[in-house]
Amino acid sequence: MWAYILRRVLATIPVMAVVALFVFSLLYLAPGDPAAVIAGDQATPDDVERIRASLGLDRPYLVRFGAWVGDIMSGDLGTSIFTNLPVSTMIAQRVEPTLSLCLLTLVLAVSIAVPMGVVAAWKQGTLVDRAVMGFAVLGFSVPVFVVGYLLAYVFALELDWLPVQGYTPFREGFFPWLENLILPSIALGGVYIALIARITRATMLEVLGQDYIRTARAKGANQAGILFVHALKNAAVPIVTVIGIGLALLIGGAVVTESVFAIPGLGRLTVDAILRRDYPVIQGVVLLFSFVYVLVNLLIDLLYTLFDPRIRY
Amino acid sequence: MSITIPAGTAVAPPMPDILPDVKPRRGLLGFIRRNPTMAFGAALLLAMLFVAVFAPFLGTRDPTALAPALRTREPSAQFWFGSDMLGRDVYSRVLYGTRVSLLVGFSVAICASAIGLFIGLMSGFNRIADSIIMRVMDGMMSIPPILLAIALMALTRGSVQNVILAITIAEIPRVSRLVRGVVLSLREQPYVEAAVASGTRTPAIIFKHILPNTLAPLTVQATYICAAAMITEAILSFIGAGTPPIIPSWGNIMAEGRALWQVKPYIVFFPAIFLSITVLAVNLVGDGLRDAIDPRLAKRL
């Protein structure tokens, strides 16, 4: 098993190398002078020169890439062109809201979607099943910001139950923090719930057809026990895989959700960086999100050996 | 071959059919009965296509015409969907926005499928190319697609072509993976082995035996890509990294309505409803196609 874990960990190195090379090269794939691209249309020649110097464009490509990777390894993601602050500092200031939003969405989505999928599989072909599947199609089709504005309009503006926008840091209390995050989490969770509910239903249908489920029924185990202990446990691997892969949806959606609900997180940082053409910041954020994505999926892969003792590599 | 029965033998009389023959319904009506969701999705999509093509004739005016004296009017007989903060007619803008959304959705679906098909076929048939291509695709797949599109758009001038290009690049890895998977499993099929054994050249095997069988799953995937591309386009425009503000696209209308959404929510909601309905239509068509192509999957998902 240790050999498997080592092999799996080592396999992420080429992936991360490709991500780094890709993120680094994006700037040079664009037509024209990268310094002029970053500087934008209203830049003076002085600005372009300053940016050219800060990017080190006078050095060869691979040397620059090597130096860039070296910097990242030591935690230096470069300097923002707009604020002149280190990108790592800017990211560190914005991590908490995004992390809060994503974690709450994850908890919410899993605790809603898994029971939904289980019940749909149990009552296959009934109205409940159809409702769940219909909801899943809707969840895939209605974009995050549409749900976001709708929820904010109904629950914040019309009913005045929850704050419209904004974010309260966690250290100012759990409930103020939660109050601000409920609507964004529900909006962001829509797609994720649809995805998880679908795969839960599909896997559960497969598992419920197995012989040991019939045996459990025959020995008189109660329905809830069969569904959640015997069946769900054995359906866990594909469900957890999808939760990991779906993280990409969550990250992409967070960028939009933060814009809708005025949450000062990494998504807002990205949007502001785009408008200011602050490329080092965009590179930093994309790299960070990709790294987290790869890392989480690596952890999930390794967790399988714990979930399912049958998996031995 | 008819059986002759000797005279005098006791034979059971021919039984009349208890149930009348079920005639399979043909034509459009039969199709609708067999695939109600797909027919519904296709009808919605056709309606949107109609709106996109005939936008100038559906009671619209110039979607970019400013009327500062008539800003932020509520929906009325003059402005069916109201007017925005520059006095432009939201109804006309939303209808013209259909064009951008459908153009981006279909273009990305076609381009990403074609390029992904090529890459997938290549890596399915060449071991060396496969190991390199798949490492690159793994890396690209680790970047969330919306972020990848954002990073690409941040570099280029906002234009519809660039939006299509950026979303296509972000979607290619998934298509390539799918095609490669199908190619690898088809290569082991006896009929391909038979073709190899009888001396068929590799290009002929690829184009005559492998390619046609990848088209079915690819078509289903293409519809989902189309839906995803429409959402991504709206998101890019919404955060200011997509189609230039001068072109009315649903994302742009929502971005402009954002500042006023607490007092004039309809500016945001009309394009939002259109976007949701269009994406829903494409998804329904995709689900219908998937069920028709793989009935085994239909029961499961």
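All of the numbers you see were taken from the coordinates with simple rules; none came from a lab. Remember, predicted model here, so these are calculated numbers, not experimental data. With ideal geometry, Cβ positions are generated from the backbone for all residues, glycine too; neighbour counts draw on all protein chains shown.
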What fraction of the Cα pairs in region A:88-307, stated in percent, has a spacing above 31 angstrom?
-> 30 percent
Roughly how crowded by other chains is peptide A:284-297, in terms of the mean Cβ count from those chains within 10 Å of each of its Cβ atoms?
-> 3
To the nearest 10 degrees, the tilt of helix A:279-307 (Cα long axis) against the first principal axis of the alpha carbons of chain A is 30 degrees
Lys/Arg Cβ at +1, Asp/Glu Cβ at -1, dipole of the protein assembly as shown taken about the Cα centre: which of B:F274, B:I247, A:L208 is farthest positive-ward?
-> A:L208
Taking amide hydrogens as modeled 1.01 Å from N in the peptide plane, which residues meet the under 5 Å criterion relative to A:T79, leaving out close sequence neighbours?
-> A:V87
Counting only complete DSSP H runs, which helices of chain B cover 24 Å or more along their long axis at the Cα atoms and score a mean Kyte-Doolittle of -1.0 or above?
-> B:36-53, B:90-125, B:160-187, B:211-238, B:266-293
Averaged over residues of B:272-278, the number of beta carbons from other chains lying within 10 Å of each residue's Cβ is 4
Listing A:L106, B:L28, B:L236 by rising number of other beta-carbon atoms within 10 angstrom, fewest first, gives B:L28, A:L106, B:L236
FRET efficiency, B:E193 to B:A292 (Cβ-Cβ, R0 30 Å, nearest 0.05) | 0.55
Highest to lowest packing among A:78-87, B:11-20, scored as the average C-beta count within 10 Å | A:78-87, B:11-20
Calculate how large, on average over all directions, the projected area of the Cα convex hull of the protein assembly as shown is; give the answer in nm² to one decimal.
-> 40.8 nm²
What angle do you read, to the nearest 10 degrees and between 0 and 90, between the alpha-carbon axis of helix A:247-260 and the longest principal axis of chain A?
-> 70 degrees
Among A:A109, A:V286, A:I81, pick out the residue whose Cα is farthest towards the positive end of the charge dipole of chain A, where Lys and Arg carry +1 and Asp and Glu carry -1 on C-beta, about the Cα centre.
-> A:A109
Can you give the calculated 222 nm mean residue ellipticity of the protein assembly as shown, where each DSSP H run of n ≥ 4 adds -39,500 (n - 2.57) and the sum is split over every residue, rounded to the nearest 500 deg cm²/dmol?
-> -23000 deg cm²/dmol
How far is helix A:2-29 tilted off the main Cα axis of chain A, in degrees rounded to 10, range 0 to 90?
-> 40 degrees
Please list the non-local residues whose amide H lies under 5 Å from the amide H of B:G242, H modeled 1.01 Å from N, same-chain partners needing a gap of 5 or more.
-> B:S237
Shielding score for A:146-152, defined as the mean number of other chain Cβ atoms within 10 Å | 5
With the charge dipole of region A:198-286 built from beta-carbon charges (+1 for Lys and Arg, -1 for Asp and Glu) about the Cα centre, the Cα from A:L249, A:F228, A:I199 projecting farthest to the positive end belongs to A:F228
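For chain B, what number results from the quotient of the Cα radius of gyration and 2.2 N^0.38 Å?
Rounded to two decimals, the normalised Rg is 1.37.
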Using only the Cα atoms, work out Rg/Rh for region B:93-132, with Rh taken as the Kirkwood radius, to two decimals.
-> 1.35
Might you report the magnitude of the Cβ-based charge dipole of the protein assembly as shown about its Cα centre, with Lys and Arg at +1 and Asp and Glu at -1, to the nearest 20 debye?
-> 1640 debye
